[in-house]
Structures are given as structure tokens and as C-alpha cells.
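Here's the structure, in C-alpha cells; my notes come after.
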Amino acid sequence: METMYSLFPQFLQNLFFHPCFLPVLLFVIFFYKFLLENSANNGKNLPPSPPKLPIIGNLHQLGSLPHRSLHALSQQHGKLMFLYMGSKPTLVVSSADAAQKIMQTYDVIFSNRPKSRSASRIFYDCKDIAFSHYREYWRQLRSISVTQLLNSKKVQSFRAIREEEVGLMVEKIKRYCSSVVNLREIAMTFTNDVICRASFGRKYSGDHGGVNFEKLLEEAMKLLGAFSVGDFIPWLSWIDRVNGLEGRLEKVVTRMDVFLEKVIQEHQNGLNTKKIINDESENEDSVKNFMEILLEIQKENKDVLSMDSIKAVILVSAFLFSNINCKFAIL
């Protein structure tokens, strides 16, 4: 008996340091979790679902064009389909009638967007109106945005800015004459200039204090749409650090915050001296820009908007306003 007990520690040591021990252990853990998920789902009345793989779920069935892949899957499994995007359960609705019922009858249940790493960092822990969860804070932001920032009257009030910037863009294209024109770069500059004049009251073209807002906004939009492993498989989030995604995100967020801090300080100084920041027009009836409106609201009621909330609202307004400007520019 004593000999058996003395051999037990040696057996454990040999077992733990065996080259096959770690792969077998991981396989057992994943297989056990897979069985638990299947047993939990068997008791629920879930929509049809294509076969999934451990860990990645149905991610392998999404190609380079996910909307087409989902359409093809819906042809096989129906208009209501249940998928696992990694470890995230996902309901895919491919029917207009079902989508209408969900948005009307079960809107509160499905009103929240899933939090992503990129959105949380760029929009200050989702303090904006687009990614914030449905609650009293979101309702206050919606009221501010609808009534004071993005209503039809406010958008129309920036018509002169859009017309002036379109004229400048056309003149810039004319100067190229018969040479090659980079329309993408010109359109991005146009959009950035309109956004800055509407949001901040002035242009911030090129580097401003070592920060290029145009390039930062473009990079932030790319990161919002980038695939993050950690969003779908949280325990594999370290891959985002290895592939450089998290580093790119932190760099953009840090530089964007430095830029917004400087802009806020400029406007606070302007409001304290009753000076409107708008170097594009000398008209006393100049339209208030977004930053001025938000800072005035924050000054009256600090409980409604924090500084981080102002930054988040300004950024998401910039994203939304860029799309609106493109439509009005065409008109």
C-alpha cells in the first residue's frame, strides 16, 4: 500500500507533463461545454438551426459576403433561424412580416444592440445614442438629438455650409484640369469639412495640434466594422491583441480624445466670453453648432450630460451627419 501511494505523485507528474495531456484536456472541456449547450437548448422551443461547430458556432458558414451567406442559409432553414456567432446566440430574421412583428410587439426585448469592443471604446463605454442600452439615459439622449441636433430644421439650417463646401469641392476638381482626380479623397475632405463646421463651428482640415481628425474619423469607421474575435468568443480576446486590432483601437481612441478635449476647451472659453466659434461666417445670426448646444445643456444640467457623453454624442452625430451630407450633396 505504501509503495502504491509513493508511486502516485510520480504518476501525476508523468501525466501532467505528457505532451498529449493539454490537447486531451482542452478537448474534454470543449466537448463537455458543447454537450451542456445542446442539452440546455433541447428544452427550448428554438427556431431551426444549421449544424454548428464547438467554439466557433456557425461562424464558419459566413463567407466574405455575410448577407448572401445568411440568405442561402435561410433558404434551407426558414425565415426565422437560430445561429451561434461564436458563443453568442443570434436570431436571424429574413421575413419582412416577422421583422415587423418583432419591431412592433417585442421592440423592448430586441431594442439593445450587442456591445462590441470597438463601439465601447470609441463611444466612451457606449454613452452615445446609437449603442447605448434602452433606458432613461438613452431616452434623454434621443430627446436631445431629435429636438436640438438632428431634426429636419437643424439639418436644413446647415444648407449654406453644404452649398459653400460643394462649391469649393467643384473648384478643387476644376483645378486638376485633365489630370487624374482622386474623387474619394476629395469627397472625404468635403464630408470632413461639413461635419466639422456643423459640429464644431470651424474646419479642422489637416493636422490640428498633431491630430488629423479626418484620418481619425476614417480609421474609427473601419474599426467599427472590423471583425473582433473577443466579441464572439470572449476567452479568445487575446487574439485581438496579437493581431494588432486592440493596439489600433487604443491609438485612435487616445488621439481622438486629445482632439475632442482641445475642441471642448476652445468652446468653453468661447461660451465664457459669450463668443460664438464660427470663423467661416461673420454673421451675428450664425447657427449654433452641435458642440455649443451640448455644452449649454451640460452647463444647465450636469446630471443629464457628462463630458464623456458629449464626446460620444458628437462622434456618433459625426458618423450620422456624414451620411446625411452625402445625400444632400447629391441633391
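The values are calculated or read from the model by the stated rules, or taken from the named source; none is laboratory data. This one's a predicted model, so the numbers in the text were calculated from it and none came from an experiment. Backbone-built Cβ (ideal geometry, glycine too); neighbour counts: all protein chains shown.
Filtering the range 190-215 to residues that are part of a helix (DSSP H, G or I) and surrounded by 19 or more Cβ atoms within 10 Å (Cβ to Cβ) leaves 190, 191, 192, 193, 194, 195, 196, 197, 198, 199, 213, 214. Looking only at residues in the range 27-62 that are exposed (fewer than 11 other Cβ atoms within 10 Å of the Cβ) and either charged (D, E, K, R) or within 28 Å of residue 226 (Cβ to Cβ) (or both), which one is modelled with the lowest pLDDT? Top of the filtered list is 44.
Name the one entry in 263, 253 that is surrounded by 14 or more Cβ atoms within 10 Å (Cβ to Cβ), modelled with pLDDT of 90 or more and assigned to a helix (DSSP H, G or I). Full working, then the answer.
On the way: 263 fails: modelled with pLDDT of 90 or more.
Result of the check over 263, 253: 253.
Looking at residue 161, is it assigned to a helix (DSSP H, G or I), of a type in the set (Val, Ile, Thr) and at pLDDT below 85? No: the conditions fail for residue 161.
Pick out the one residue from 110, 123 that is at pLDDT below 85, among the aromatic types (Phe, Trp, Tyr) and under 22 Å from the mean Cα position of the chain (by Cα).
Details: 123 fails: at pLDDT below 85.
Result of the check over 110, 123: 110.
Within the range 216-247, which residues are of a type in the set (A, V, I, L, M, F, W, C), under 23 Å from residue 88 (Cα atoms) and crowded, with 19+ Cβ neighbours inside 10 Å? Across the range 216-247, the qualifying residues are 223, 229, 232, 245. Can you list residue pairs whose Cβ atoms sit under 8 Å apart, with the first residue in the range 287-305 being of a type in the set (Val, Ile, Thr) and the second being crowded, with 20+ Cβ neighbours inside 10 Å and part of a helix (DSSP H, G or I)? Count only pairs 6 or more apart in sequence or on different chains. From the range 287-305, the pairs are 293/149. When 130, 96, 187 are screened for being more than 30 Å from residue 234 (Cα to Cα), among the small types (Gly, Ala, Ser), within 26 Å of the chain's Cα centre (by Cα) and not assigned by TED's automatic domain parsing to the domain that holds residue 317, only 96 passes. Please go through the range 226-246 and pick out each residue that is of a type in the set (Phe, Trp, Tyr) and free of Cβ contacts under 8 Å to residues at least 12 places away in the same chain. Those that are of a type in the set (Phe, Trp, Tyr) and free of Cβ contacts under 8 Å to residues at least 12 places away in the same chain: 227, 235, 238.
Would you check if residue 134 is surrounded by 13 or more Cβ atoms within 10 Å (Cβ to Cβ), in contact (Cβ under 8 Å) with a residue 24 or more places away in the chain and on the phi < 0 side of the Ramachandran plot? So residue 134 passes the test.
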